[in-house]
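Below: one structure, written as structure tokens.
Computed from the coordinates by the stated procedures, all read-outs in this text should not be read as laboratory data. Note that the structure is predicted; figures quoted are calculated from it, not measured. Cβ sites come from the backbone with ideal geometry, for glycine too, and all protein chains shown count toward neighbours.
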């Protein structure tokens, strides 16, 4: 429609120019007053001009108003355009007056001024100061400068938002161009009120629930959890720890509270895992059987959430990771702190910690004994903080310090715990008895001769042994001992104690490997046999 109006305006304009300047048309020649003709042409042109201006407001559907959307938002443009139109109107009037006075030069000048004012009007409106007309007010469900975009799918913003000038403004927790999804990991089927499986609602569906692995989109449990769908699964969640793991608790009354402050309440490995408790104890882990527990696992009561990850250490070991107590000789619990003190665990709060942490083991020595740390703890007596004047059993004094005897301090000195010897100023005097045992070596750990054999750490004499020779035991036979077998294997035995002599005297038909299972036994010579005392007669 606007195109046709514009064509009509151009035709009218051309015709009016012809009327004004040509003066040759039939109806102008008949006119008795040429001024009236000119004024009529100008009036016709002015009406046509304003019709073109207001035509869009009539021919095109819109929701704009001139006052609100044109004038109020474009005061400067409106003022300039009004002034130019006023100048154009005055110029036209003056041109008409000049023509009436037959002043052709002034007539042309005013016409030029009027045309210039109209031209400037269009230049200012279209180029210099563009008219700032507000955007259309779109129908509900549409947006854009020309309302060309829509928010509608099945319904406006899928029923979860409102349509704005930039598209859908989604309700809380909804997202997407048409509000067809949720923010974070909220579940759309729940209207974004619940999380997808595995995500925590407390954390607005941004993080996995406790114990779930973010690498699996929160569907599987972390490594420290029991891999058994009866106890842990996508639906059940992750709560049961596997063996040698425990879940720290936020309850300050439970021993794992400090671990909770450090790790949170996820399944945490026991100290030293996989070498739990240094191999010298058992960990109070989630699945540890205990009548005091609060969880049933495979029809057994286990510690469950009461597990605190502490180590129950073997004798001679203590601390969070079952460290060896100073002075402990690995066999005798009496050797702890060398028999002259009690062990304590030292906890200190470091500068960067929020609670005390384990630092070391120390001995609280009996009065008059020092030092309180190290393998020689509580071994010095009668001295000062740095100098000893006397030592306990198993140690000897060297330059003001107590040094362990050969074999170790306290009961391990010279293997004193099995009665193998005694320490005299750092030298062992070994027991040599065919009744109580015979020993030799720097720390009395070797058997005296080939007529003694090892029973554990002790050296026991063969039956009937009275001396070191092969004929000094078993009566009429040979005693099988560790030392004798070793000499035969290495080929160092000679004379009557050689393997060849043994075979010729006994007629033995087995192998040396078979003899290793006969340690401490007598192999009789030909024509002899064992009597009730285990001797060959």
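What is the fewest-to-most order of 246, 49 by other Cβ atoms lying within 10 Å of their Cβ? Walk me through the intermediate numbers first.
On the way: 246 28, 49 15.
Starting with the residue having the fewest Cβ neighbours, the order is 49, 246.
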Practice problem: Would you mind checking the tilt of helix 104-123 against the longest principal axis of the Cα atoms of the chain, expressed as 0 to 90 degrees and rounded to 10? | Solution: 20 degrees
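Of all DSSP beta bridges located in region 396-537, what percent are antiparallel, nearest 5?
Details: 19 of 20 bridges.
Close to 95 percent.
Give me D for region 472-537 in µm² s⁻¹, whole number, from Stokes-Einstein with Rh from the Kirkwood sum over alpha-carbon pairs, 25 °C and 0.890 mPa s.
Numbers: Rh = 12.0 Å.
Roughly 205 µm²/s, to the nearest whole number.
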Quiz item: Do the sum for the chain: with -39,500 (n - 2.57) for every DSSP H run of n ≥ 4, divided by all residues, what is the mean residue ellipticity at 222 nm, to the nearest 500 deg cm²/dmol?
Solution: -7500 deg cm²/dmol
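Looking at the calculated P(r) for region 379-515, what percent of the C-alpha pair distances fall above 21 Å?
Working: 4847 of 9316 pairs.
Of all Cα-Cα distances in region 379-515, 52 percent exceed 21 Å.
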Quiz item: Can you put 296, 124 in order, fewest other beta carbons within 10 Å first?
Solution: 296, 124
Quiz item: Mean 1/r over all different Cα pairs, inverted: what Kirkwood radius does the chain give, in Å?
Solution: 36.3 Å
Quiz item: Using the alpha-carbon atoms, what tilt in degrees (0 to 90, nearest 10) does helix 34-59 show relative to the longest principal axis of the chain?
Solution: 30 degrees
Quiz item: Taking region 425-486 as the region of interest, what is the percent of Cα-Cα pairs per 10 angstrom bin, listed from the shortest bin to the one with the maximum distance?
Solution: 26, 53, 18, 3, 0
Quiz item: Can you give the angle from 0 to 90° between the axis of helix 75-100 and the longest principal axis of the chain, with both taken from C-alpha atoms, to the nearest 10?
Solution: 20 degrees
Quiz item: When only alpha-carbon atoms count, how far does region 294-352 stretch along each of its three principal axes, as whole angstroms with the largest first?
Solution: 46, 38, 13
